[in-house]
Amino acid sequence: MMKELVHILVVDDDPSILKFVSANLAARDYAVTIASNGAQALEIIDREMPDLIILDLVMPHVDGLTVCRRIREFSSVPIIILSAQEQEDQKVQALDLGADDYLTKPFGVRELLARVRAARRRAAPEERPPTEVTFQSGDLAVDFVRRRVTVAGAEVHLTPTEYALLRELAKHPDRVLTHDMLLSRVWGAEYRGSSHYLHIYVGRLRRKLASERGPRIVTEPRVGYVLKTST
């Protein structure tokens, strides 16, 4: 049987970027669809959800932030943001809306492919069955086999990156995991030192897993984070 190709949607209003990204992805056997603006991208997604989206921030009519926000209303598909260097605030805002990663223009082929592989890896099931099947603490439950998270019995929808981060914390409850440890295990070794990813994603998890008893994920200043269990 032929292996089904991974479908990637590339969205950018710059024809040279579209050509560069799509050609290099296609050369590595990815199935690529392109869109030149946000409205066109949303129409394509409505017809067929891709496996991954590479999304420019600054586009006419419907910008990347709006597209990201709309996608996260119904899908956890991995999203990699394309951004110019001076758009730091927008990059942070995009991550806070649920984007999984970002590439700063200009970027090279190796970096592009590495980010795509990392995003796909976070979204993929674990290669080996988990040693622990579930994690339970108070009203928080994590099913490692089904990748399902519930709070007080209600399912919590997490993006692949949010789930990967929570899974890592839940596998080591009441233990401080350092910034670089989490970055390496969740994003990849090349992300060491990029603590802003952790700050944003821990914030998202705290909001989604909110508890009246206080924060479940506790910050160890200048060291890392710990998932506290109920006492």
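The values are calculated or read from the model by the stated rules, or taken from the named source; none is laboratory data. Just so it is clear, the model here is predicted, and its values are computed rather than measured. Methodologically, a virtual Cβ is constructed for each residue, glycine included, from the backbone with ideal geometry; neighbour enumeration extends over all protein chains shown.
Taking segment 152-165 on its own, how many of its residues are touching a Lys or Arg at 6+ places or on another chain (Cβ under 8 Å) and farther than 20 Å from Trp187 by Cα?
Looking only at that region, the number is 2.
Pairs needed: first member in segment 50-67, outside the structural domain of Ser22 (by TED's automatic domain parsing) and of a type in the set (Phe, Trp, Tyr); second member anywhere, surrounded by fewer than 24 Cβ atoms within 10 Å (Cβ to Cβ) and modelled with pLDDT under 90; C-beta distance under 9 Å; at least 6 residues apart or different chains.
Listed pairs, sorted by first residue: none to list.
I'd like the full set of residues that are over 18 Å from Asp29 (Cβ atoms) and surrounded by 14 or more Cβ atoms within 10 Å (Cβ to Cβ), limited to segment 106-117.
Of everything in segment 106-117, just one residue is over 18 Å from Asp29 (Cβ atoms) and surrounded by 14 or more Cβ atoms within 10 Å (Cβ to Cβ), namely Phe107.
Could you run through segment 135-147 and say how many residues are surrounded by fewer than 16 Cβ atoms within 10 Å (Cβ to Cβ) and either part of a helix (DSSP H, G or I) or without any contact (Cβ under 8 Å) to a residue 60 or more places away in the chain (or both)?
5
Okay, residues lined up against (1) of a type outside the set (A, V, I, L, M); (2) in contact with a helix residue (DSSP H, G or I) (Cβ under 8 Å, 6 or more places away or on another chain):
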{"position": "Leu65", "(1), (2)": "no, yes"}
{"position": "Arg70", "(1), (2)": "yes, yes"}
{"position": "Glu73", "(1), (2)": "yes, no"}
{"position": "Ser76", "(1), (2)": "yes, yes"}
{"position": "Ile81", "(1), (2)": "no, yes"}
{"position": "Asp89", "(1), (2)": "yes, no"}
{"position": "Gly98", "(1), (2)": "yes, yes"}
{"position": "Tyr102", "(1), (2)": "yes, yes"}
{"position": "Arg110", "(1), (2)": "yes, no"}
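Kindly indicate which of Ser83, Ser75 is of a type in the set (Ser, Thr, Tyr) and within 18 Å of Thr159 (Cβ to Cβ).
When all the criteria are applied, what remains is Ser75.
For segment 148-162, does any single residue satisfy the condition of being of a type in the set (Lys, Arg) and part of a strand (DSSP E or B)?
yes
Conditions tested, residue by residue: (1) of a type in the set (D, E, K, R); (2) assigned to a loop (DSSP other than H, G, I, E, B); (3) under 19 Å from Ala170 (Cβ atoms); (4) outside the structural domain of Ala170 (by TED's automatic domain parsing).
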| residue | (1), (2), (3), (4) |
| --- | --- |
| Gly193 | no, yes, no, no |
| Tyr197 | no, no, yes, no |
| Gly203 | no, no, yes, no |
| Arg207 | yes, no, yes, no |
| Ala210 | no, yes, yes, no |
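Within segment 125-142, does at least one residue satisfy the condition of being of a type in the set (Lys, Arg), closer than 30 Å to Asp56 by Cβ and modelled with pLDDT under 90?
no
Just one of Val77, Val92, Val32 is in a loop (DSSP other than H, G, I, E, B) and either among the basic types (Lys, Arg) or not assigned by TED's automatic domain parsing to the domain that holds Trp187 (or both); which is it?
None of the other options fit; the residue is Val77.
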